[in-house]
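These notes concern the structure reproduced below.
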Amino acid sequence: MTHYIIRRVLTSAVLMIIISMVTFGVFFMVPKLAGTNPAELYVGKQATPADVAATARKLGLDQPVTVQYARFAKGLVAGRDLDDGPNRTHCAAPCFGYSFRNDRPVWPLLLDRLPVTVSLAVGAAVLWLAGGVLAGVVSALRRGGPLDRTMMVLALAGVSLPVYFTGLLAQLVFVHTLHWLPGGEYVNLADDPAGWAAKLLLGWVTLALLYAAAYARLTRAQMLETVGEDYIRTARAKGLRERTVIGKHVMRSVLTPLVTIFGLDIGGLLGGAILTESVFGLPGIGRLSIDAVNTKDLPVVLGVTLFGALFIVLANFIVDLLYAVIDPRVRLG
Amino acid sequence: MATTNSPTTTGPLAQPGRLPQPSAFLDVRDLRVHFPTDDGVVKAVDGVSFTLERGRTLGIVGESGSGKSVTSLGILGLHRRGHTRISGEVWLDGEELVSAPPERVRRLRGRKMAMIFQDPLTAMHPYFTVGAQIVEAYRVHHRVSRAVARRRAVDLLGRVGIPQPARRVDDHPHQFSGGMRQRAMIAMALANDPDLLIADEPTTALDVTVQAQILDLIRDLQDEYRSAVLIITHDLGVVAELADDILVMYAGRCVEEGSAQTLFRRPEHPYTWGLLGSMPRVDRAARDRLVPIKGSPPSLINLPTGCAFHPRCPHQGRDGIPCRTEVPDLAQGSDHGVACHLPPTERRRTFAEDIAPAL
Ligand SMILES: Nc1ncnc2c1ncn2[C@@H]1O[C@H](COP(=O)(O)OP(=O)(O)OP(=O)(O)O)[C@@H](O)[C@H]1O
Ligand code: SF4
Ligand SMILES: [Mg+2]
């Protein structure tokens, strides 16, 4: 087991390094391909070429990509100073870069937004897990019946309807027409729990619907496959109650793929749910990234991308560990 | 063993002189298991009857697809309701199971009747330890603590010959070898000292040495508990080892039945002759071993008319015998039932003169 963990940690670390290199490389190339000097983006439209050149030098943007990456990587691990002039700025580790538009390092910007994104992801996850798995189980047990068919049509609709459609529709109906939910700013859980939940509710439901549909289909398919297994027949042959056969023996096997998918989905969502956050005006990481793209705030876009990748790698790592716990054949087989 | 099998009657109760409640420990009467499918109704078992007493072993033999497993699952009530049409009667210790409420049958499963399944790798849950699966089997029917059930599991594993049972009890099935898994499966089936033990191909996946060990084990356990054993196999060698009586199935029906001695010494059905001819034997030279029966088993949706075996039978149509048109009844001799249109004298002569010398 220790071996397995060590191997996974190393793989994840290497993966993270490679991802950061590739991402950094892409962000280095993009302005070049677009024919813009990244320094121009930092100094603003009315700058003279001399200003641009000075900024480029100050930020090290005139250096080769390898040097720039090394500096960036060092910043991530140990922090870095961004300016050797009189108003020198320190960017503490982990330094994901410095946003000149916001005049702040990227990392605290991310941290500011993280609670919103976590709130959205966790709340939605609870809903979709409960709803999707339950719907899948019921569908599978009533296979071919009217309930099953209705549920699967709904699931198909849920998967195929885009969030901006369902989201905007829900927003229109519940916030603007019926006024059941408040339309104002996001509030913190600690400050106003009810207001926090009310603000997030539509986001949770919309996002949950999207995922619940996929989970319902996966659960149903997995259950139908498992129910036909020999070991389920064995469970019945022992004289177990149907409740136990389904609830313990079948669900145990259904759980395994669900855990994997769930881990990856959560990992992906923690990097920011761009559409949902935008539609419902939630100031999360997804919102931060879309704003950064609109204002051409490259360091933030780079930071958000790496941050999202970090969560995906982390989720993969955790899923691998969980899998070893859940499936005894992984470790020793 | 007394067997009545007449596919034309509607049920045993319609037969005059038959007691509604049998005296035999297990009495299966005119069991039919049909599966409606998109292509038509699969008549997997179509009128099978037999009896089995405590302490005795009945072997059911037949090629793949003849309905052996379907019969045993029918006895245990393990066919999926709604997907299966079952008729006939299964009397176990004076209680009829086909018409009994499912909850009643569930309570009997695992305690009064237990099953050893065909493939122990797929028949055990991959995610639970062997011990946990035995503990569970015991605790469904006994109100005991986990610790007590665990001791029982270790004890059972030791009894079926698993070395270091106290340690292996916490292994998962994939950590066991094929033979060990089969032993664990047997331990699980024995957890509640069942009166009826059904073993479906208990040795198919195993090599010859392990096969012999498993068969010995089943025999020893039966001597010890005096349970009734139903052993299902396509390998006549296995029943030769274990069975007191033998029932030969073809296409969902019984074509011949009798004591093991009778069936091995004086088989009368051409299908049984075929099975005997295809039986590997140590005293036979390797090259003329296995002579498989020509052709393949028929579709269970559209059975051949008349005798279902006629398309493959070398003796069909002799002297204007109605093999293609009339279904032969399972006619009872003194110790022997045979479903074949050939006159008994002719069958015996054919076996003695043509078949036996070649076996
Ligand atoms: N649930 C089902 N639905 C439809 N057909 C089925 C079902 N179960 C079994 N059958 C069919 O019934 C027939 C008899 O199957 P059964 O499993 O009893 O054969 P068997 O004699 O045990 O053969 P084997 O030696 O291969 O185990 C087969 O043709 C099988 O395809
Ligand atoms: S009835 Fe005819 S076809 Fe059937 S086994 Fe007897 S001889 Fe062969
Ligand atoms: Mg079978």
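List pairs: first residue in the range B:217-232 and within 16 Å of ligand 1 (Cβ to nearest atom), second residue small (G, A, S) anywhere in the structure, Cβ distance under 6 angstrom, at least six positions apart or on different chains. Once the first residue is within 16 Å of ligand 1 (Cβ to nearest atom) and sits in the range B:217-232, its partners that are small (G, A, S) give B:I231/B:G59; B:I231/B:A199; B:I232/B:S72.
If you take the residues in the range B:94-130 that are more than 7 Å from chain A (Cβ to nearest Cβ) and closer than 18 Å to A:D327 by Cβ, which one is modelled with the lowest pLDDT? Selected residue: B:L121.
On the given criteria, is B:Q118 in contact with a Ser or Thr (Cβ under 9 Å, 6 or more places away or on another chain), polar (S, T, N, Q) and away from ligand 1 (no atom under 16 Å from the Cβ)? So that I can check it myself, show each step before the final result.
Working: in contact with a Ser or Thr (Cβ under 9 Å, 6 or more places away or on another chain): yes; polar (S, T, N, Q): yes; away from ligand 1 (no atom under 16 Å from the Cβ): no.
No.
The numbered conditions (1) modelled with pLDDT under 95; (2) more than 16 Å from ligand 1 (Cβ to nearest atom); (3) touching a Pro at 6+ places or on another chain (Cβ under 7 Å) are all true for B:Q182 except (2). Any chance the range B:291-306 includes a residue that's in contact with a Cys (Cβ under 6 Å, 6 or more places away or on another chain) and at pLDDT 85 or above? Checked against the condition, which is being in contact with a Cys (Cβ under 6 Å, 6 or more places away or on another chain) and at pLDDT 85 or above, the range B:291-306 yields at least one hit. For the range B:48-56, the count of residues that are more than 11 Å from chain A (Cβ to nearest Cβ), hydroxyl-bearing (S, T, Y), within 17 Å of the chain's Cα centre (by Cα) and surrounded by fewer than 24 Cβ atoms within 10 Å (Cβ to Cβ) is at least one. Listed by first and then second residue, the pairs with beta-carbon distance under 6 Å, at least 6 apart or on different chains, first residue in the range A:182-206 and touching a residue at least 12 places away in the same chain (Cβ under 8 Å), second of a type in the set (F, W, Y) and assigned to a loop (DSSP other than H, G, I, E, B), are A:K199/A:Y186; A:L202/A:F280; A:G203/A:F280.
Which residues, taken from the range A:224-264, are more than 10 Å from chain B (Cβ to nearest Cβ) and in contact with a Phe, Trp or Tyr (Cβ under 6 Å, 6 or more places away or on another chain)? Those that are more than 10 Å from chain B (Cβ to nearest Cβ) and in contact with a Phe, Trp or Tyr (Cβ under 6 Å, 6 or more places away or on another chain): none in the range A:224-264.
Tallying residues that are of a type in the set (S, T, N, Q) and under 19 Å from A:P64 (Cβ atoms) within the range A:1-26 yields 2. Of all residues in the range B:48-69, those satisfying the criterion of being within 16 Å of ligand 2 (Cβ to nearest atom) and either of a type in the set (G, A, S) or over 21 Å from B:H269 (Cα atoms) (or both) are B:G62, B:S66.
Being basic (K, R), outside the structural domain of A:D291 (by TED's automatic domain parsing) and modelled with pLDDT under 85, is that true of even one residue in the range A:64-78? Talk me through it step by step, then tell me what you get.
Here is the first cut: in the range A:64-78, the residues basic (K, R) are A:71, A:74.
Next, from what is left, pick out any that are outside the structural domain of A:D291 (by TED's automatic domain parsing): A:71, A:74.
Add one more test, that the residue is modelled with pLDDT under 85, and what stays is none.
No, there is no match, as no residue in the range A:64-78 is basic (K, R), outside the structural domain of A:D291 (by TED's automatic domain parsing) and modelled with pLDDT under 85.
The values are calculated or read from the model by the stated rules, or taken from the named source; none is laboratory data. On a predicted model such as this, the values are computed, not experimentally measured, just so you know. Methodologically, a virtual Cβ is constructed for each residue, glycine included, from the backbone with ideal geometry; neighbour enumeration extends over all protein chains shown.
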